[in-house]
Amino acid sequence: MLNWEKTPSLKPMLRERAWVEVDLRALAHNVRQVRRRLSPTTDLMAVVKADAYGHGAIAIAQTALRSGASWLGVATIPEGIELRNAGIQAPILVLGAVNTSEQVEAIAHWHLQPTLCNPKQALVFSETLGRLHGAAPLPVHLMVDTGMSRLGTCWEDAAEFVQWVQRLPHLNIASVYSHLATADDPDPSMMQLQHQRFEQAIAQIHAVGIVPPRFHLANSAATLSAPDLHYDMVRAGLILYGLHPAPHLVPDINLQPVLQVKARVTQVKPLAAGTGVSYGHSFVAPHDLTLAVIGIGYADGVPRLLSNRLSGLVRGQRVPQIGAVTMDQMMLDVSAVPDLQPGEIVTLLGQDGNEIITADDWANDLGTISWEIICGFRHRLPRVTVNAPQEVSVMGG
Ligand SMILES: *Cc1c(COP(=O)(O)O)cnc(C)c1O
């Protein structure tokens, strides 16, 4: 895979074909908006798994930490190592499961913090760390399942699990946490049940005399809708990227989308009525029109299922995409744009003038969620950061 940042000869080509534009000022704005809703004693974890939801993990993590986040969340060990290699020193929680002693060694070596889901896994951690010479006690985070039915020990056994880990050498309980299954549902009843179960687990953990330094439960949706679920930290992903977890939460906060997807026009030509366009001729020109080709396709992460349903924005106007999206290119009907030239920029996701196309628009058309859309852009598309917040000078002048 080409590394756009580390290959000098690629730099001039960043915006030549198609790219993902990442607005760091928008990210900083969103982080501050979220931070303002938290009590001063509640930490903000920026969830930057999956390459920061497709935005590019390093720039996002650095900007989030400068804007009010104090923890980072990743899904895998390599995601954590990438951040450490970039010089990031903030605590990093690995949200995914980690089971082998090789993984334990990597966690310890890179100063990552694992999620422990059950007693057996905790034992592997303790024993592996015991074999490593002079390893400091490892901060670990215990996952309790209160209804997500994904990772974790059942809430009813939480106190027993916490006691078990407490007794194991080389492990330091840094938090106990759980994850919500339905926080974006307008009906809060399941979330309230998970909250009750979490409260019950906390009470039982306290009853056996253990006081973990922090509890956490909230994702983006609960961060917006349920301040009583914030506890000592919230783990926010989607809202930091400027998207809304659910339509009913839109009025609650002012967010700015961080990501835009843009591509350049590569050819413009007239198309006669009756002419078919692209593989399968799923579009046939109903009248004479002007066709533009742009250099982006499904291998870049534009879903082929959106063929003939997408729009592009060019010179502030919305134009329809026509014919099947191909691997590397797609076509637009640009009859409404006079004298369009190769090299002009088409926005597929984002804003141009007063027109805006959101990840939710694509998600709604596809019957999926905006999380999947933004994670779907491939690494053939360079991530181009814009509006990097200026470093505050501490030198004075
Ligand atoms: C992905 C993830 C989050 C963030 O979820 P958002 O809905 O994007 O805020 C929080 N916690 C855990 C455990 C996750 O896996």
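Numbers at a glance
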| quantity | calculated |
| --- | --- |
| Cut-off under 5 Å, modelled amide H: who pairs with F283 long-range | V277, G323, A324 |
| Local net charge near H29, Cβ-Cβ under 13 Å (Lys/Arg +1, Asp/Glu -1) | +4 |
| Accessible area of D352 in the full protein assembly, 1.4 Å probe (Å², nearest 10) | 40 |
| Separation between Cα centres of the stretch 1-45 and the stretch 62-84, rounded to whole Å | 12 |
| Given charges at beta-carbon only (K, R positive; D, E negative), |dipole| of the chain in Debye | 820 |
| Spatially close lysines, pair count over the chain: Cα under 24 Å, gap of eight or more or interchain | 4 |
| Modelled label reach - L132, point 7 Å along Cα→Cβ, the stretch 68-87 residues with backbone N closer than 14 Å | 77-78, 81 |
| Listed residue (I81, S9, L168) projecting farthest to the positive dipole end of the chain, Cβ model | S9 |
| For the stretch 6-13, 3J(HN,Hα) per residue [Karplus equation, 6.51 cos²θ - 1.76 cosθ + 1.60, θ = phi - 60°, Hz, x = Gly/Pro] | 9, 10, x, 5, 8, 3, x, 9 |
| Additional length obtainable on full extension of the chain from R37 to I210, 0.36 nm per residue less Cα span | 59.4 nm |
| Global size of the stretch 228-285 as Cα Rg and Dmax, reported in angstrom | 21.7, 64 |
| Those residues of the stretch 245-278 whose amide nitrogen sits under 20 Å from the label point placed on L366, 7 Å along Cα→Cβ | 245-247, 257-264 |
| Per-residue ³J(HN,Hα) for the stretch 87-93, Karplus 6.51 cos²θ - 1.76 cosθ + 1.60, θ = phi - 60°, Hz, x for Gly and Pro | x, 6, 10, 4, x, 10, 9 |
| In degrees, nearest ten, helix 119-131 long axis to first principal axis of the chain (Cα) | 80 |
| Antiparallel bridge percentage (DSSP; both residues within the chain; nearest 5) | 50 |
| Amide H partners (placed H, <5 Å) of Q317, local residues excluded | none |
| Given charges at beta-carbon only (K, R positive; D, E negative), |dipole| of the stretch 251-334 in Debye | 120 |
| Estimated FRET transfer efficiency (R315, D187; beta-carbon r; R0 51 Å; 0.05) | 0.70 |
| For L291, residues with placed amide H under 5 Å, excluding near neighbours | K269, L271, V334 |
| Inter-label distance for E102 and Q196, nm, one decimal - labels placed 7 Å from Cα along Cα-to-Cβ | 4.6 |
| The chain: radius of gyration and largest Cα-Cα distance (Dmax), Å | 24.0, 79 |
| Overall form of the stretch 1-99 per C-alpha gyration tensor (a/c, 1.5; a/b vs b/c) | oblate |
| Total charge dipole magnitude, the stretch 259-397, about the Cα centre, Cβ charges on Lys, Arg, Asp, Glu only, Debye to nearest 20 | 280 |
| Alpha-carbon centroid distance for the pair the stretch 288-309 / the stretch 319-335, whole angstrom | 4 |
| Among P270, S307, H230 - extreme Cα towards positive end, dipole of the stretch 194-328, charges at beta-carbon | P270 |
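The values are calculated or read from the model by the stated rules, or taken from the named source; none is laboratory data. In this text, all values refer to a predicted model and were calculated from it rather than measured experimentally. Positions of Cβ are backbone-derived with ideal geometry, glycine not excepted, and every protein chain shown enters the neighbour counts. When the accessible area is computed, the model is the full protein with side chains, heavy atoms only, and any ligands, DNA or RNA have been set aside. Shrake-Rupley method; radii C 1.70, N 1.55, O 1.52, S 1.80 Å.
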